[in-house]
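Following: one structure in structure tokens, then a few remarks.
Please treat every number below as a calculation from the coordinates, not as lab data. Everything numeric here is computed off the predicted structure, so don't read it as measured data. Ideal geometry is used to build each Cβ from the backbone, glycine not excepted, and the neighbour counts take in all protein chains shown.
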Amino acid sequence: MKGNKKIQFIYGLFSLLFFLGCTETPVPIPEFELPNTDRVVLIEYLTGVKCPNCPKATAVLKNIESTFPGKTAVVAIHGRLQTEPLKESKFDFRTPIATQLENFHSPFLGKPAALLNRNKFIDEPFKPVDLVDLWPSYIEEILRQEYLIDILLSTQYDPTTRVVTLQASLLPKNTISKQMKISVFITEGEIIDAQETIGSIIAEYKHENILRAMLTNVAGDDIQEPLIKASPLLKSFNYTIPETFKPENMEIVVAIADATTGNIDQAAKIKILK
Amino acid sequence: MVDYKVSNKVFGKCVTQKVKMRQDKMKVKAFDKRKYKASFWLLLVFLLAQNLYSQEKDRGYLTGSLDVNANVFIKDSSINAFGLPQYERQFFGGESWLNLQYNIGTLTAGIRYDMFINSNLRNPNDSYSDQGIGRWYMKKSFDKLDIQAGYIYDQIGSGIIYRSYETRPLFIDNSLLGASVNYKFSDRFNIKGFAGKQKDAFDIYQGTIKGLNSELYNSFGEENPLTLLTGIGFIHKTISDDAMERVVNSLKSYLPVDRFGPVYNSYAYSLYNTLSYKAVTWYVEGALKSRDIFYNPDAQKLEPSGASTFGKYEFKRGSVLYSSLSFSLGNLSMTLEGKRTENFSFRIDPNLRLLRGYISYIPPMNRQNTYRLPARYAPFTQELSEQAFQIDAKYRWSKKFQTNLNVSAINTLQNVKLYREIYFENTFKPNTNWNFTFGVQNVQYNQNIYEQKPDAGIVKTIVPFTDILYKISNKKSIRWEAQYMSTQQDFGSWLYSLIEVGLAPSWIFETSIMYNVDPKRTLVGAIKPEKILYPTLGVTYSKDVNRLQIKYVKQVEGIVCSGGICRLEPAFSGVRFTLSSQL
């Protein structure tokens, strides 16, 4: 009898626990507020034509661009994983520099993934963030942080030689004593070609921001000149556009990184033809 | 158009402080690590001193084991074994686990040192290096009370609401870093409680898990008693502030139609019973989960642009009903199993993906095949929507001849076909020298859902197989395996053959081939599907408690499963060395 009472007590206790789930007040979801900043976030998007979840990620990127207008610069990296052309593909988006850049950003859990200013976020296993739903909040977080340098870009394109000249004017907000790096990416968009998605192949999918070339190392080139407050530093780059690329659909993205952490401080983008 | 409202300025201020908060959190994590290590050594010294004092005459003993895997990666672009850091620049990778356990009286203490160098276990598509103490624990019994602290492996019932375990081939080790207390009121009734945080490689997740489990044993009758083992389990999960912040930040970008108010705490309950009577055993378990945040990759989400995408957080209740009935009737023995799963994704952090952060373990509902080709397509337990049954029957025609029939069927709750298997196997042992196994397997596997491969649809296979063992003498034996997989999907049809020569007690030599006889898939760099041979050549040496194996392996991309938990692994080319040793 005594044993039975203990059993009844224990099982009664378990029954009470059953009702615990009804009592907690939900966490309120705050409304979105666009940060007031001139900072631009570099989004290095690890993608591929054989990545079935990438069309969703691309849709999220489009929403990010409209949510944070002018505050993001996207580079789509078709490196080594899930990038082999499909049977239906007309183009091969892979380039040695994309592979090199993807290797540089390894390891990552899988595609799609994105590096947001090359930051390593706490609780993320790696720098590339594979959970697409978190991209907007991480970008908002970056936009609310201080940054060191403003970037102004201008381009000149010679249709005869197909050479584009980029002038990047770096404007430090304060004198910077630490080593910084500059990276320059050439991208092309509006390319219609096949893309795998979950359960099917989209034959006429619009690929945007495809990385075509880099005019620096994947980690960036050291900025040798001193970065002094209110003294613009001018950097110039030339690139000859191959015949197969369309200059009207191309952009140049510039990013300045802290050489020690590798984190991007500021980014900027400009169309080759305005 | 974006229809967000700019209204909450207080939240904006909070976000500006995030960097500092994150730095603080990192400091807390580092402090936590030091704290756990210090606790371990203090507890160990205290318990050992206490035990040595009270049991001076009882001498303790040390046991242990060492497991080593080492891979030499040899790039082979003809089978897609390239592009990974191990093939391109690292060339060597491996893992090792050194496990030591000391017992003295009623005290057990153990420690495990784990090392990963350029390992492809954590992520088959990348390289991982780290090392450190992977586990420590102490157990002590005081009369009716058992206590345990450290990294604890345990489960409630069949594991549906809670299972902490280790599966090395899949890099699963979700042990609980915490404490557990088990009190035995009597031989037939006990209650157990535990609390802690879940392990994440050499780190821990910040969410907490608390559990209670009680089991009651009853027996009715004398000669052929009917026995009942009834259990009840309860799990309370609290997600961390970081996890909640990530959920809230994601929900903030959702349109109102997809938003919900998340909570930190969720609860899972389980009631289970095993009834045994004569040759009949019936197990039934029902599990419920309170409203909990989880990510559903198949749920439709409305984007601000008006388009719909797949994948979003959801906040729903979940349930699992599982039952298994086994019985014997003369020469016939049967097991019937059934399971229904709905929204039972139960992880320590709802932001985690793939095989990370599992609290629950839902039993698989298919045969765990061991032969190479029959094991090629295995289903991954679906935690959000699955209904399944399985029948396994064995009939012994005579002492020499036995038949095994296994049938399993798995659908989603919306009746989308996921998996079908009919497995028929016969074993014939005419004398002590010969052993024949032969049979056929028919599988339908929804590759589209299990591997997210478009246009893959249902892979349909028929696999006849045989395994013949001939003992030449007491010390010499030869074994031959042959399997043929006929399929028009995925890679196409395969032939597999293995010859194994055993020279007891130490040596086993093996060679096998897997040949894509009717290829359907064009690999990278090829113009059309090509017939590719995947050979293996290996030798195993065993001496006392040590086992060494070295193999040259070319292996096609495929699914690796353990107990219904699976993942797709890329092709492998190279040399594999394994060492297993008991200390």
Subject >> Cα gyration tensor category, rounded, prolate or oblate, for the stretch B:387-495 with a/c compared to 1.5 >> reply: oblate
Original post:
Using alpha-carbon pairs under 8 Å, 6+ residues apart, how would you state the relative contact order of the stretch A:41-271 in percent?
Top reply: 24
Original post:
Name the GluC sites (Glu not before Pro) in the stretch B:169-271 that are in a loop by DSSP and that have at most 11 other C-beta atoms within 10 Å, would you?
Top reply: B:E222, B:E223
Original post:
Which aspartates and glutamates have a Cα less than 12 Å from the Cα of B:K184, not counting those fewer than 8 places away in the same chain?
Top reply: B:D143, B:D146, B:E215
**OP:** For A:N249 and A:E190, compute 0.36 nm times the residue count separating them, minus their Cα-Cα distance, and round to one decimal in nm.
**Re:** 20.6 nm
Subject >> Spin-label proximity, A:T240 to the stretch A:162-206 - amide N less than 19 Å from point 7 Å beyond Cα toward beta carbon >> reply: A:162-166, A:186-187
**OP:** Measure out, as a whole number of angstrom, how far apart the alpha-carbon centroids of the stretch A:184-245 and the stretch B:412-453 sit.
**Re:** 49
Subject >> Where labels lie 7 Å past Cα in the beta-carbon direction, separation of B:T335 and B:M115 in nm >> reply: 3.8
Original post:
How much length is gained on full extension from B:R353 to B:Y541, taking 0.36 nm per residue of separation minus their Cα-Cα distance?
Top reply: 63.8 nm
Subject >> 10 Å Cβ neighbours from other chains, averaged over peptide B:208-215 >> reply: 1
Subject >> Listed residue (A:L115, A:Q266, A:H105) projecting farthest to the positive dipole end of the stretch A:41-271, Cβ model >> reply: A:Q266
**OP:** Shielding by partners for B:121-129, please: the mean number of other protein chain Cβ atoms within 10 Å of each residue's Cβ.
**Re:** 4
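As an exercise, use a Förster radius of 41 Å and the Cβ-Cβ distance of B:E530 and A:L152 to find the FRET efficiency, rounded to the nearest 0.05.
0.15
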**OP:** Note down the net charge around A:R80, summing +1 for each Lys or Arg and -1 for each Asp or Glu among other residues with Cβ under 12 Å from its Cβ.
**Re:** -1
Subject >> Members of B:K399/B:K476; B:K192/B:K312; A:K181/B:K252; A:K50/B:K531; B:K144/B:K237; B:K400/B:K471 lying beyond 26 Å, as alpha-carbon distances in this model show >> reply: B:K192/B:K312; A:K181/B:K252; B:K144/B:K237
**OP:** Report, please, the projected area of the protein assembly as shown averaged over directions, based on the convex hull of its C-alpha atoms, in nm².
**Re:** 41.0
Subject >> Nonlocal amide H pairs with B:R317, under 5 Å, H built at 1.01 Å >> reply: B:D292
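With Cβ to Cβ distances under 12 Å as the rule, what net charge do the other residues near B:I160 carry (K, R +1; D, E -1)?
Local net charge: +2.
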**OP:** Please give the length that would be gained between B:S486 and B:Q131 if that part of the chain were fully extended, namely 0.36 nm times their separation in residues minus their C-alpha to C-alpha distance (nm, one decimal).
**Re:** 123.4 nm
Original post:
Which of the aspartates and glutamates could a cross-linker span from B:K301 if the Cα-Cα distance has to be under 16 Å and same-chain partners fewer than 8 positions apart are dropped?
Top reply: A:D133, B:D3, B:D258, B:E314
**OP:** Could you list the GluC sites (Glu not before Pro) in the stretch A:188-220 that lie in coil according to DSSP, counting only those with at most 16 other Cβ atoms within 10 Å of their Cβ?
**Re:** A:E190
**OP:** Would you look at the GNM of chain A, springs on alpha carbons closer than 10 Å, and say which of A:P35, A:P242, A:P55 moves the most?
**Re:** A:P242
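Please sort by residue number the chymotrypsin sites (Phe, Trp or Tyr not before Pro) in the stretch A:205-274 whose DSSP state is loop and whose Cβ has at most 12 other Cβ atoms within 10 Å.
Filter output for the stretch A:205-274: empty list.
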Original post:
To the nearest 20 debye, what charge dipole does the stretch B:112-167 have about its Cα centre, counting +1 at the Cβ of each Lys and Arg and -1 at the Cβ of each Asp and Glu?
Top reply: 180
Original post:
Beyond 17 Å, what percent of the Cα pairs of the stretch B:296-406 remain?
Top reply: 68
Original post:
Taking the highest mean first, how do the peptides B:412-420, B:489-497 order by number of other beta carbon atoms within 10 angstrom per residue?
Top reply: B:489-497, B:412-420
**OP:** Can you bin the stretch A:204-274 into rounded, prolate or oblate? Criterion: square roots of the alpha carbon gyration tensor eigenvalues sorted a ≥ b ≥ c, rounded for a/c under 1.5, prolate for a/b above b/c, oblate for the rest.
**Re:** prolate
Subject >> aspartates and glutamates with Cα under 18 Å of A:K235, excluding same-chain neighbours fewer than 8 positions away >> reply: A:D150, A:D221, A:D222, A:E225, A:E251, A:D258, A:D265
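When you count, for each residue, the other Cβ atoms within 10 Å and take the mean per peptide, how do B:342-355, B:458-471 rank with the highest first?
Ranking the peptides B:342-355, B:458-471 by packing returns B:342-355, B:458-471.
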Subject >> Rel. contact order, % - alpha carbon contacts under 8 angstrom, at least six apart, chain B >> reply: 10
**OP:** Take B:K429, project a point 7 Å from its Cα along the Cβ direction, then tell me which residues of the stretch B:389-412 have their backbone nitrogen under 15 Å from it.
**Re:** B:395-404
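Counting Lys and Arg as +1 and Asp and Glu as -1, each charge on the Cβ, what is the dipole of the stretch A:41-271 about the Cα centre in debye, to the nearest 20?
My answer is approximately 200 debye.
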**OP:** Output the DSSP H helices from chain B with an along-axis C-alpha extent of no less than 24 Å and a mean Kyte-Doolittle hydropathy no less than -1.0.
**Re:** B:18-54
**OP:** Name the most mobile residue of A:R118, A:R94, A:R162, meaning the one with the largest mean-square fluctuation, in a Gaussian network model of chain A with Cα contacts below 10 Å.
**Re:** A:R162
Subject >> In sequence order, calculated HN-Hα J values of the stretch B:191-196 (Karplus, 6.51, -1.76, 1.60; Hz; x Gly/Pro) >> reply: 9, 10, x, 8, 7, x
Subject >> Residue mean of other protein chain beta carbons inside 10 Å, A:66-75 >> reply: 1
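Label the stretch A:41-271 by shape, choosing from rounded, prolate and oblate, from the square roots a ≥ b ≥ c of the eigenvalues of the Cα gyration tensor; if a/c is under 1.5 it is rounded, and otherwise prolate applies when a/b is larger than b/c, oblate when it is not.
Note, shape of the stretch A:41-271 comes out oblate.
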